[in-house]
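Notes for the one structure printed next.
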Amino acid sequence: MQSNTATQISTIVAKPILKWAGGKTQMLKELLPKVPSSYGRYIEPFIGGGAMFFALQPENAIIADSNPELINMYRQVAEHVDEVISYLEKYENTSEMFYAVRSLDWEELPEAEAAARMIYLNKTCYNGLYRVNKKGHFNVPYGKYKKPKICDIESLYAASKSLQNAEIVCGDYFLVLEHYAEPGDFIFLDPPYLPISEYSDFKRYTKEQFYEEDHVELAKQVMRLHEKGCHVILTNSNHPLVHELYAPFKIDVIQTKRHISCNGNTRKGEDVIVTVPPKQRFLINLAPTPLPKQVSLYPPTRFMGSKSKLLSEIWAVASQFQAETVVDLFSGSGIVGYMFKTQGKTVISNDYMSMSATFTKAMIENSNVTLPLNEAENLLISHKESDHFVANTFKDLYYTDAENDLIDTLRTNIAEIHDQYKRAIAMTALIRACTKKRPRGIFTYTGQRYNDGRKDLQKTLSQQFLEAVEAVNKAVFDNGKPNKSKNGDAMDLRIEQADLIYIDPPYYSPLSDNEYVRRYHFVEGLARDWKGVEIQEHTQTKKFKSYPTPFSTRKGAADAFDKLFKKFSNSILIVSYSSNSLPTQDEMVAIMAKHKEHVEVVPVDYKYSFGNQNNAKTHRNSVKEYLFVGY
């Protein structure tokens with residue numbers, strides 16, 4: 001393996017032999033820090049002036065170009081530099097000699113002379129251009145420079161030494177990459193820039209063309225290289241198509257100067273540097289890990305997206321890191337945060353849903369307070385007139401009149417409880433009771449159309465409430481740590497220390513929605529007593545508007561992940577995400593790789609407890625769950 005760092009720029013001996021439109025000398029200070037610290041072989045299939053190659057001076061390289069005259073020049077400098085120098089020393093900076101040499105056909109000359117001719121014309125022609133016509137004949141006029149350095153012997157010897165460490169190939173970039181690129185290699189791509197025009201760099205140096213569709217094909221090659229495990233850095237102009245093609249990867253915009261332009265006003269521009277990390281392989285051990293018995297005491301739930309069946313896998317990954325403080329950023333049912341609590345971690349649990357924050361208040365933040373059964377039974381009795389909000393607002397929608405009245409009684413009595421943890425236990429029990437008395441446990445429909453006669457539906461609401469209180473009481477325990485439950489937007493969460501962040505956000509998929517509020521609006525309303533929401537009276541279900549979330553669109557989800565990973569870039573990141581969701585696996589890896597040095601993907605076969613697509617019979621609920629790990 002060879003090692004290269006940005007500090008090497010100060011010790012560069014070799015430098016580009018030719019002036020080159022689009023050469024990367026001026027961008028080296030931005031490019032070199034992005035070069036991987038170690039890699040296998042250096043590959044540059046659009047070698048051009050070779051600024052990056054000469055700056056790095058790699059010990060093992062493949063450099064290539066489709067321009068045979070350029071490749072001949074590099075081969076001759078590498079193998080026969082003295083002959084090239086002897087020819088160069090004969091040239092003079094006169095228009096007569098310039099046009100006489102220009103008229104020669106390089107393919108009919110000795111190879112060393114052809115190499116010298118190319119260098120000479122490049123040094124003495126107008127603006128250092130090397131443009132050919134449709135017949136492949138050089139057609140740039142004389143440059144009228146006073147003292148061009150036609151034969152820079154020291155530079156030629158230094159370049160020759162560097163070039164001797166490279167295999168110099170004449171060929172199409174596609175074939176070069178297909179034939180040579182191996183996992184661990186570093187590929188630098190400096191293709192013809194967009195937009196394609198008659199003045200594009202590529203047309204200056206070859207008869208061939210490089211169209212927009214070629215850029216699309218190049219992007220596919222980049223993705224293949226990423227999958228193969230190669231490091232890739234690509235440069236181009238700051239063009240919309242470049243951003244579209246390389247959206248999954250980090251793109252930096254750099255201010256540059258265009259040295260070759262007939263119009264001084266156009267000599268400023270913006271280039272981009274696309275950094276593509278190798279796709280990480282599965283290095284993290286996913287061996288089954290037994291969980292403490294305490295985990296089983298957490299009341300089971302059918303909450304959408306609950307990770308109760310993935311706890312062993314999540315812990316198997318998390319346990320491989322030294323983490324004392326864990327943040328469960330989107331707590332949902334609360335089971336993952338609870339699992340971390342049983343492992344002796346300090347847990348900070350957060351969710352934008354009030355009902356979720358209520359669960360974690362009762363069983364994660366709470367260490368020793370329980371709600372005695374006699375106090376719970378007393379909550380079932382009306383002690384003062386309720387506001388009858390549920391009875392009036394949701395009549396004939398979800399429950400019987402008697403059940404609605406009981407819910408109003410419980411709401412009123414729970415609000416009078418002074419102890420915050422007893423109040424959280426009681427509200428958790430009420431939410432749980434209402435969910436269990438609801439066929440399918442959701443509120444996206446009215447009536448009892450999905451009533452299949454299961455035992456939970458036959459129990460009274462009072463029974464469900466008291467059983468839930470007992471279940472929550474059993475889940476309460478003290479792990480000796482100051483755990484916290486928070487209710488807010490993940491983007492706004494402020495924490496002093498977080499060793500590990502577990503992220504299980506709403507999954508975006510074009511096949512289904514991820515609106516938790518739409519499914520659970522009634523019990524979410526209970527948790528917050530419908531404060532701060534506006535019920536949509538025109539809807540059959542009397543739902544309220546869903547909370548705004550960036551995870552409702554593909555782009556929004558990608559941007560949200562990027563911001564979250566940046567926000568918590570100093571912590572270990574573990575993200576649960578599904579194979580049927582967007583961003584894709586590769587896109588997720590690329591986003592995380594912008595902020596973490598190591599990214600791994602751990603696949604887990606998983607089947608959701610109930611389908612969340614329009615037609616569950618399509619078996620799309622059988623998916624692969626991914627754990628993205630950044631460290």
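Below is a table of values for the structure above.
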{"item": "Positions within segment 93-132 being loosely packed, with under 12 Cβ neighbours inside 10 Å and either free of Cβ contacts under 8 Å to residues at least 40 places away in the same chain or under 24 Å from K15 (Cα atoms) (or both), in sequence order", "result": "T94, E96, A100, S103, D105, E107, E108"}
{"item": "Single residue of V327, V336 found to be crowded, with 24+ Cβ neighbours inside 10 Å, of a type in the set (A, V, I, L, M) and out of contact with any Gly (no Cβ under 9 Å at 6 or more places or on another chain)", "result": "V336"}
{"item": "Condition met for E403 (surrounded by 16 or more Cβ atoms within 10 Å (Cβ to Cβ), over 44 Å from the mean Cα position of the chain (by Cα) and farther than 22 Å from M353 by Cβ)", "result": "yes"}
{"item": "Enumeration of residues in segment 387-416 that are in a loop (DSSP other than H, G, I, E, B) and aromatic (F, W, Y)", "result": "F394, Y398, Y399"}
{"item": "Residue selected from segment 433-478 under the condition aromatic (F, W, Y) and modelled with pLDDT of 95 or more, by the criterion nearest to the chain's Cα centre (by Cα)", "result": "F477"}
{"item": "Lone unmet requirement of (1) over 24 Å from G453 (Cβ atoms); (2) buried (at least 16 other Cβ atoms within 10 Å of the Cβ) for N392", "result": "(2)"}
{"item": "Sole residue being free of Cβ contacts under 8 Å to residues at least 24 places away in the same chain and either among the acidic types (D, E) or in contact with a Ser or Thr (Cβ under 8 Å, 6 or more places away or on another chain) (or both), chosen from E515, E524, E534, E470", "result": "E534"}
{"item": "Hey, R75 surrounded by fewer than 23 Cβ atoms within 10 Å (Cβ to Cβ) and either in contact with a helix residue (DSSP H, G or I) (Cβ under 7 Å, 6 or more places away or on another chain) or free of Cβ contacts under 8 Å to residues at least 24 places away in the same chain (or both) or not", "result": "no"}
{"item": "Total residues in segment 128-177, condition over 19 Å from A100 (Cα atoms), in a helix (DSSP H, G or I) and of a type outside the set (F, W, Y)", "result": "13"}
{"item": "Flag for D562 being farther than 21 Å from H388 by Cβ and either more than 34 Å from the chain's Cα centre (by Cα) or modelled with pLDDT under 95 (or both)", "result": "yes"}
{"item": "Tally of residues being part of a loop (DSSP other than H, G, I, E, B), surrounded by 13 or more Cβ atoms within 10 Å (Cβ to Cβ) and either basic (K, R) or at pLDDT below 95 (or both) across segment 522-535", "result": "1"}
{"item": "Matching residues in segment 443-461 - criterion: being surrounded by 15 or more Cβ atoms within 10 Å (Cβ to Cβ) and either outside any loop (DSSP other than H, G, I, E, B) or in contact with a Pro (Cβ under 8 Å, 6 or more places away or on another chain) (or both)", "result": "D456, L457, L461"}
{"item": "Helices (runs of 4 or more DSSP H) completely within segment 310-372 that count 3 or more residues being within 18 Å of Y421 (Cβ to Cβ), in contact with an Asp or Glu (Cβ under 7 Å, 6 or more places away or on another chain) and of a type outside the set (K, R)", "result": "354-360"}
{"item": "Criterion: surrounded by fewer than 21 Cβ atoms within 10 Å (Cβ to Cβ), closer than 26 Å to D499 by Cα and small (G, A, S) - qualifying residue of S552, S569, S576", "result": "S569"}
{"item": "Odd one out for K384, checked against (1) surrounded by fewer than 19 Cβ atoms within 10 Å (Cβ to Cβ); (2) at pLDDT 95 or above; (3) assigned to a loop (DSSP other than H, G, I, E, B)", "result": "(2)"}
{"item": "Sole residue being within 20 Å of K395 (Cβ to Cβ) and free of Cβ contacts under 8 Å to residues at least 24 places away in the same chain, chosen from T435, T460", "result": "T460"}
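Residue-wise test of (1) closer than 20 Å to D559 by Cα; (2) assigned to a strand (DSSP E or B); (3) modelled with pLDDT of 95 or more.
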| position | (1), (2), (3) |
| --- | --- |
| G480 | no, no, yes |
| K486 | no, yes, yes |
| M491 | yes, no, no |
| E496 | no, no, no |
| Y502 | yes, yes, yes |
| P506 | yes, no, no |
| N514 | yes, no, no |
| V517 | no, no, no |
| Y520 | no, no, no |
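Condition check ((1) part of a helix (DSSP H, G or I); (2) within 24 Å of M223 (Cα to Cα)) across all residues:
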residue: S546; (1), (2): no, no
residue: A557; (1), (2): yes, yes
residue: D562; (1), (2): yes, yes
residue: K566; (1), (2): yes, yes
residue: Y577; (1), (2): no, yes
residue: E587; (1), (2): yes, yes
residue: K596; (1), (2): no, yes
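The values are calculated or read from the model by the stated rules, or taken from the named source; none is laboratory data. Note that this is a predicted model, so its numbers are computed, not measured. So basically every Cβ, Gly included, is an ideal-geometry build from the backbone, and we count neighbours across all protein chains shown.
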